[in-house]
Amino acid sequence: MRINILNELRQPVGSIAVFDLSEPAIRLDDTQVRSLSGTLTLVRTNRGLLATLKASAMVPEHCARCLVPVDCPLPITFEEEFIPVFDANTSKRVPDAGGDDPFRIGPDFIVDLDEPLRQYMLMSEPQKPLCRPDCLGLCPSCGADLNSTSCECLAVDQRWSALAGLGTSTKMKGS
């Protein structure tokens, strides 16, 4: 997602520009993000532009229990400063301040939001997405989806088989 910000860089420090974002689909590396919508606020700083994004999107995932594809709603928010390589008024190269400026504005004066979107999306993704809160998952023996069918497997871990009869036939001493 690319936005031309030449006009915003020519404004005085403290100027604010607000962009409404609405993208039906965006490809960020190997992830297809759908229904991205939100607001991008750009504030002119003495070095560049402070970008604040508040958006939501749908990201395709797989349920952590049953592996069914599921669309996860994902809030994406970030605040990053974008620093230009060239001055917007004079077209002279801006001296590098030597700081950690991960996001630069190139000579075309285009802000590319794909990389910050990708980074903050990865941080916001759920660790274990579920198709529904009560998902039963897969049978560990036969692999059947327990949400749609029941299996006849006796899913007993053989490591515990020696303890199988302890709870029913023995009584505690002293009772």
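Just a few scattered comments:
- Residue ranges of strands (runs of 3 or more DSSP E) in segment 1-97 with at least 1 members buried (at least 16 other Cβ atoms within 10 Å of the Cβ), within 13 Å of the chain's Cα centre (by Cα) and among the acidic types (D, E): 49-62
- Among residues of segment 74-92 that are modelled with pLDDT under 90 and of a type in the set (K, R), none has a beta-carbon under 6 Å from a residue that is crowded, with 17+ Cβ neighbours inside 10 Å and part of a loop (DSSP other than H, G, I, E, B) at least six positions away or on a different chain.
- Residue match in segment 128-143 (condition: exposed (fewer than 10 other Cβ atoms within 10 Å of the Cβ), modelled with pLDDT of 90 or more and closer than 29 Å to T39 by Cα): yes
The values are calculated or read from the model by the stated rules, or taken from the named source; none is laboratory data. Since this is a predicted model, take the numbers as computed values, not measurements. Reconstructed Cβ throughout: ideal geometry from the backbone, glycine too, with neighbour counts over all protein chains shown.
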